[in-house]
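Scroll down for the structure; my scribbles are underneath it.
The values are calculated or read from the model by the stated rules, or taken from the named source; none is laboratory data. Note that the coordinates shown come from a computational prediction; the quantities given were computed from them, not determined experimentally. So basically every Cβ, Gly included, is an ideal-geometry build from the backbone, and we count neighbours across all protein chains shown.
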Amino acid sequence: MKQVIIVDASLKLPKGKLAAQVAHAAVAAFLTASNAARQEWLAEGMPKVVLRVEGPEALTRLHELAGQHDLPTALIHDAGRTVLPAGTITCLGIGPAADEQIDALTGELKLLR
């Protein structure tokens with residue numbers, strides 16, 4: 001079990017803003033998971049990986065694919081209170097779910113550095 005957060009690296013967010021957006025995605029995706037998946041993930045130590053893509057289209061496409069595979073997801077749109085216009089898609093949370101299910105969609109993506 002794991003969770004992945006995929007960030008739109010093209011936004012070049014300040015570190016604090018990036019951390020907040022990743023946290024939003026992690027919590028929101030967690031809340032969409034089944035109780036059994038949440039409990040198993042919590043028991044395993046809440047493993048998560050942060051990945052990157054370039055552009056909101058890639059996030060939207062992954063969100064749609066994850067939904068087609070019945071994975072818990074959360075596509076994060078910024079509220080527009082600080083550095084981004086309201087509605088900007090910043091990141092996507094997928095999982096917690098089985099590693100194999102998530103890797104089938106995200107295995108080719110690069111880590112956020």
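What are the pairs, 6+ residues apart or on separate chains, where a residue within region 88-113 that is farther than 17 Å from ALA36 by Cβ has its Cβ under 7 Å from a residue that is among the charged types (D, E, K, R) and part of a strand (DSSP E or B)?
Short answer, once both residue conditions are applied: ILE89/ASP8; THR90/ASP8; CYS91/ASP8; LEU109/ARG52; LYS110/ARG52; LEU112/ARG52.
Of these, LEU51, LEU59, which one is in contact (Cβ under 8 Å) with a residue 60 or more places away in the chain and either of a type in the set (Gly, Ala, Ser) or surrounded by 18 or more Cβ atoms within 10 Å (Cβ to Cβ) (or both)?
After applying the criteria, what remains is LEU51.
Report yes if ALA43 is over 20 Å from GLY16 (Cα atoms), more than 13 Å from the chain's Cα centre (by Cα), among the small types (Gly, Ala, Ser) and at pLDDT 95 or above, otherwise no.
Criteria met by ALA43.
Name the residue that is surrounded by the fewest Cβ atoms within 10 Å (Cβ to Cβ), counting only residues in region 15-41 that are in contact with a Phe, Trp or Tyr (Cβ under 9 Å, 6 or more places away or on another chain) and of a type outside the set (Gly, Ala, Ser).
So, considering only residues that are in contact with a Phe, Trp or Tyr (Cβ under 9 Å, 6 or more places away or on another chain) and of a type outside the set (Gly, Ala, Ser), the one surrounded by the fewest Cβ atoms within 10 Å (Cβ to Cβ) is ARG38.
Can you tell me which of (1) surrounded by 15 or more Cβ atoms within 10 Å (Cβ to Cβ); (2) free of Cβ contacts under 8 Å to residues at least 12 places away in the same chain is the one PRO72 doesn't meet?
(2)
Here is a check on your reading of the model: is LEU111 surrounded by 17 or more Cβ atoms within 10 Å (Cβ to Cβ) and either in contact with a Gly (Cβ under 6 Å, 6 or more places away or on another chain) or within 21 Å of GLN21 (Cα to Cα) (or both)?
no
What pairs can you find where one residue is in region 22-43 and within 21 Å of ILE6 (Cβ to Cβ), the other is part of a loop (DSSP other than H, G, I, E, B), and their Cβ atoms are less than 6 Å apart, with a gap of 6+ or different chains?
ALA29/PRO72; THR32/PRO72; ALA33/PRO72; TRP41/MET1
Any idea which of ALA98, ALA86 is farther than 12 Å from ILE5 by Cα, modelled with pLDDT of 95 or more, surrounded by 14 or more Cβ atoms within 10 Å (Cβ to Cβ) and more than 13 Å from the chain's Cα centre (by Cα)?
Going through ALA98, ALA86 in turn, just one is farther than 12 Å from ILE5 by Cα, modelled with pLDDT of 95 or more, surrounded by 14 or more Cβ atoms within 10 Å (Cβ to Cβ) and more than 13 Å from the chain's Cα centre (by Cα): ALA98.
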